[in-house]
1. Each label point is 7 Å from the Cα along the Cα-to-Cβ direction; what then is the distance between the points at R522 and V452, in nm?
2. If R₀ is 56 angstrom, what is the calculated FRET efficiency for the pair D31 and R241, using the beta carbon separation as r and rounding to 0.05?
3. Give me the distance in nm between label points sitting 7 Å out from Cα along the Cα-to-Cβ direction at E300 and I43, one decimal.
4. I need the calculated FRET efficiency for the pair T419 and H198, taking r as the beta carbon distance and R₀ as 45 Å, to the nearest 0.05.
5. Using the basic label-point model (7 angstrom from Cα toward the beta carbon), what is the Q311 to N514 distance in nanometres?
6. Does region 314-464 classify as rounded, prolate or oblate by the C-alpha gyration tensor (a ≥ b ≥ c root eigenvalues; a/c under 1.5 gives rounded; else a/b over b/c gives prolate, otherwise oblate)?
7. Length gain on complete extension for the stretch F538 to A475, per 0.36 nm per residue less the alpha carbon to alpha carbon distance?
8. If I take R0 = 51 Å and measure r between the Cβ atoms of E287 and L92 in this structure, what FRET efficiency does the formula 1/(1 + (r/R0)^6) give, to the nearest 0.05?
Amino acid sequence: MPALATVHPRSSLDRVLEDLGTTLIELVCGDPQATDNVGGVVIHDPIDEQTLPHRALVLGVGVGSSQEIAELLIDLGRQGASALVVRAPVILTPQIEAAVAQSGTVLLGLMRGASWTQVAAMLRSRLAEDDMSKAEPEGASSAPSGDLFSLANAVAALLDAPVTIEDRSSRILAFSGRQDEADRSRVETILGRRVPEHLTRLLEDRGIFQALYRSEQPVYVEPLDTGSNDSKLARVALALRAGDEILGSIWAAVQTPLSPDRSRSFCDAGKLIAQHMLHLRADADIERRLRSDLVSAALEGTPRSPDALRQLRLLDQSNIVLALALQHSAKPDSSGAAHAHLVAELQRIADAFAVHLSSVHQSAVCAVIGEVAYGIMPVLRRRPDSEERAARVAVDFLDRIGDRAHILVGVGPVALDSTGLPRSRADAERALRVMQVDGASRRVARMADVQVDALLLELGDMVHVRGEPLTGAVARLVAYDAKHHASLVKTLRAWLEAFGDVIEASAAMYVHPNTFRYRLRRLVEVGDIDLTDAKSRFAAMLQLRLWPQEEGQAEDEQVIHAGLEDEAISASIQPVDPSRRPLR
């Protein structure tokens, strides 16, 4: 099968233009062959201070005037950036030309209608593919020059037609050049990185997908009637298979049906692409496991940690650990299918979280370890608000994905070096646990926000491990409630939570204030507790917090007899001696 002849590495700026040019990105000014390989993709923020990776490709969102472009080019040149992308059309002025020449930074234009988010994701995925295959020799199982874009160009040359490679959900994985020769719907597909929904519905209604997935031969699709007046081309589609599994499909925009020879060549190409897609998927799984091992080693604080951080490109800088988990984890008695669903959901969210963190800092990483996804995000050492900024990053991520998944994120403190990462991880986990126990009253928390709650949980763990029994006044009240079907423990809790305000506490329990005062006197007698003493009140509050199960066992039985007890108490109410009232 003919291959795309190129000597450019996939991460080179010239190769980026070769793959995405004429469709998404155009060269405005500068020499892309004179630059090194692209080291990362960064979205320009005019307000925030940014640390660019080496030879970064910067997306100049909102940068429009000639003066802004020229000034940004000079600044990026000082930081060693390889290129700046701004929205086309760009009016090339002498000021911009001088800035490009002085900075050595190439100026590119992004086609109108193209999404900045999609372009950023596409560029990052190409750089990730390059990282995965740097150490891999090309063989029979690898594509010409190693990636799906090369295969798309090779198939396009074979069929003399622009092609796209799509997954099962009609998302674009790669596309060839010459897309400007196709119709408007193809251009719309490339810009949106997926087939538009109205076209997908038309294909489904006509049974195209069913025919495509049933056949092992190319399927010819007549031009679709979309109601517009633009010229339309037919399509030839081929399903990509790995055994019985459908991996995706290839779509070529053609003028006429394929000849028998080209159909056979198309089928052969489909087998190679399917094999390559499996190869990429296996590489992605290996890369995910490797990243998980490195993140785990970095967070353990062992002698391996510095080397792991070096491989993650996080050594010699300050970092913050973020711990992400689902609110409802799999229970021990959950079915295998339910547990697998939760694991898959966590991995999907962790992948999205990794992309979100990398948009903040190119070196940020995220990996799933057990039932928690840990993110490590570099921060500026001299910023005192690094924790607050990390929390805002987490909040922004949750806002973007909405309420589709119940996700919680704990934020640890800043780790100045590798020795501080275990502490940052531990505190992020503690904050995460507090939110899980509280029933997700908040979704993001720093350790500073929930320190007292975390200490109480750990004290409760110690009580449970030691098997400490409930003692003192609260123990006597629990025993009395269990024996007499009373509600003295609940009365004490309401009074303490109301800071001694009888009116507020009685309203919370839906009883008359005099009834509540009677119960309060009774609990003082039964529990032998002095509610005017601060230490006694604190001890009671702490016990009610650490032994909630003891109170719950008694309260379950109190509900049945609450009405009878209130009638008996109300009938025996006597005037209350003000001197005996513990508080208001």
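1. Spacing of the two 7 Å Cα→Cβ label points: 3.1 nm.
2. For R0 = 56 Å, the calculated efficiency reads 0.80.
3. Result for the modelled spin labels: 3.6 nm.
4. E between T419 and H198, to the nearest 0.05, is 0.20.
5. According to this spin-label approximation, the distance is 7.7 nm.
6. Oblate is the answer for region 314-464, as a/c is 1.5 or above yet b/c matches or exceeds a/b.
7. 21.2 nm
8. The value I calculate is 0.80.
Each value in this text was obtained by applying a stated rule to the coordinates, not by laboratory testing. On a predicted model such as this, the values are computed, not experimentally measured, just so you know. All Cβ positions, even for glycine, are placed from backbone atoms using ideal geometry, and neighbour counts span all protein chains on display.
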